[in-house]
Amino acid sequence: MNKKRISVLATLLASILSMVAQETFENARIATSDLNGTARYVGMGGAMDALGADLSTISTNPAGIGLFRSSQAKLSFGLVSQDDAKSFAGEDKTKLSFDQVGFVYSSRTGRSSFLNFAFNYHKSTNFSHILSAAGSLNGASQNKLSYLKGLNGIITPGADKDGVITANQNQFTQLDYLYYNAFLYQPDDNGEYYYNDAAAYNMNRANSGYIGEYNFNISGNINDRVYLGLTVGIHDVNYDGYSEYTEAFLDGDKSAGDITIADERRISGTGFDVKAGVIFRPVEESPFRIGFSIASPIWYDLETENYTTLYNNTPYGLYDDGNIGEVYEFKLSTPWKFGLSAGTTIGNYLALGAGYEFADYGNIDSRINTGSSYDFLTDSYYESSSPDRDMNRHTEESLKGVSTFKVGAEYRPDPSIAIRFGYNYVSPMYDKDAYKSVDADSPGLYYSSATDYTNWESTSRFTCGLGYNAGKMTLDVAYQYSSQNGKFSPFTSYYDSEPSELDNIVEPVNVSNKRHQLLLTLGYSF
């Protein structure tokens, strides 16, 4: 076997470098959010969208800021720990987390009317997660998937002037590039490629990073009966992931070595959205109130880069290792989000809240950058884009509408002490039969550097908390336990028209994401 190394050419697939988009399962990671914010908000399960008077409602129902009667500042931080993981690639399962900081300035405009201004930062998504999965392959393999794509005309690989095997179709992924150049081999002059069966696989991935959300709000109330709010949000994406995927090969009953794919990926960029809300009391003499909210899509401009290496520890193939890397920009918009909430107080000792949110993630819009355009009105250039129709079609088939139900309560046995409980149920985002596309006519498929995917199921969140009020100072603590199960597949199964040796079928295995959060919030009223 030749002891050589291959690397990506600077001009590889240059014809599609200007057309970039992203893949469904990667997009879903960016589009979702966690339950996070102040310890009071988390302790009540986020069920405060109609109760208001908490800084975290700035991003769920902006009208909640209109219930403040005095100015306030808050700072939150704590620990996040994964329940079912071991440290991998330098990432620990327990991490410190800076979660929230913000203030509201409240000014009286009438006997019972106020105009409030607020700013709040919070970590809307914490990407920290360590995933481990292993299973039998029974002859299926990742390199066979690349082979079958060529055999069935999904891609048409061919050597360029330098002898590097490339393809002009969007379905030719970076992993196909590595397999066709480093592992799939040609024993004769007929141009025939051959694959190797695998006995088992092992996957380890460590994600880190976050999405930070910066919200600016104006809100107020009319005669202490109707509350209105508007929030403009800026979202800062910082995602890092590293994975190692290994397949073990057999030659008869003997071990034939293994192949490992090491993949590094980073996604960064910014987005913005607009949120509006209203809260009103239907009966003037009653504290019961109802809230409505609507949030626009988050319009993202993102950049992703990867560096992917194939390590060939078998006697097969042309090379011992190969690597490829890409950097590209793309646009993404999340779905609209709608909220309905209700809340009431009983005396000065009990507050009860409930909420419902809905967002259809099948409407995530992947967009292809098409170049710069000139705006005559502003005398400036802007980046134009168009929908990635094939990937959007796949997204619509793979993802669905998500309903989030929230309930919470706060009990005050003493005016200075609060006890809180909450619960969330988040319905599944992924269709149970969803799979990672292997044939979408989308440049987003080429830029994907991993074949695995997880169909995550519903999420349950249990929360509790304590609060202490000492004059102008407040101290709140909260605990959250979230649990989510999923079905992991290392690659998409391929079924031939008739049962045959060309089937490449892998059975999903169970994985989970069980997370503990301990949160502390310090507050000051002025």
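The values are calculated or read from the model by the stated rules, or taken from the named source; none is laboratory data. None of the values given here were measured: they were computed from a predicted structure. Here the Cβ is made from the backbone with ideal geometry for all residues, glycine too, and neighbour counts use every protein chain on show. Remember, those area values only see protein heavy atoms, side chains included, never the ligands or the DNA or RNA. Shrake-Rupley method; radii C 1.70, N 1.55, O 1.52, S 1.80 Å.
Data table
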| read-out | value |
| --- | --- |
| FRET efficiency, 1/(1 + (r/R0)^6) with R0 51 Å, evaluated for Glu507 and Phe216 via beta carbons | 0.55 |
| Of Leu67, Phe405, Ser286, farthest towards positive along the dipole that unit charges on Lys, Arg, Asp, Glu beta carbons give the chain | Ser286 |
| Crossing angle, helix 142-151 versus the chain [Cα axis fit, 0-90 degrees, rounded to tens] | 70 degrees |
| Efficiency of FRET from Cβ geometry, Tyr411 and Arg389, R₀ 51 Å, rounded to 0.05 | 0.45 |
| Options Asn168, Ala342, Asn424, ranked by Cα towards positive dipole end of the chain, top entry (Cβ charges) | Ala342 |
| Surface share of carbon and sulfur [accessible, 1.4 angstrom probe, percent] for the range 240-319 | 56 percent |
| Label-point separation in nm, Lys161 to Tyr481, each point 7 Å along Cα→Cβ | 6.5 nm |
| Local net charge near Ser416, Cβ-Cβ under 13 Å (Lys/Arg +1, Asp/Glu -1) | 0 |
| Over 22 Å (Cα to Cα) - which of Lys93/Lys123; Lys93/Lys406; Lys149/Lys487; Lys406/Lys514 fall in this group | Lys93/Lys406; Lys149/Lys487 |
| Selection from Leu184, Tyr227, Gly153 lying farthest towards where the dipole of the range 143-234 points positive, charges on Cβ | Tyr227 |
| Size of electric dipole in the range 384-434: Cβ of Lys, Arg +1 and of Asp, Glu -1, about Cα centre, debye, nearest 20 | 240 debye |
| Residue-span extension gain [Tyr349 to Thr109] - 0.36 nm each, minus C-alpha spacing | 83.5 nm |
| Size of electric dipole in the range 180-321: Cβ of Lys, Arg +1 and of Asp, Glu -1, about Cα centre, debye, nearest 20 | 1220 debye |
| Stretchable slack from Ala89 to Leu230, in nm (0.36 nm times residue separation minus alpha-carbon distance) | 46.5 nm |
| Per residue value of the accessible surface for the chain (all protein chains in place, 1.4 Å probe), Å² | 43 Å² |
| Charge dipole magnitude, Cβ of K and R +1, D and E -1 - the chain, Cα centre, debye nearest 20 | 2880 debye |
| Heavy-atom accessible surface of the range 399-461: percent carbon and sulfur, 1.4 Å | 56 percent |
| Under 13 Å, Cβ to Cβ, from Asn143 - net charge with Lys/Arg +1 and Asp/Glu -1 | -2 |
| FRET E, pair Asp441, Asn138, Förster distance 30 Å, beta-carbon r, rounded to 0.05 | 0.45 |
| Along principal axes, Cα extents of the range 370-526, largest first, whole Å | 71, 57, 24 |
| Residue-span extension gain [Ser286 to Asn190] - 0.36 nm each, minus C-alpha spacing | 26.2 nm |
| Cα-projected label distance for Glu498 with Leu151, points at 7 Å along beta-carbon direction, nm | 1.4 nm |
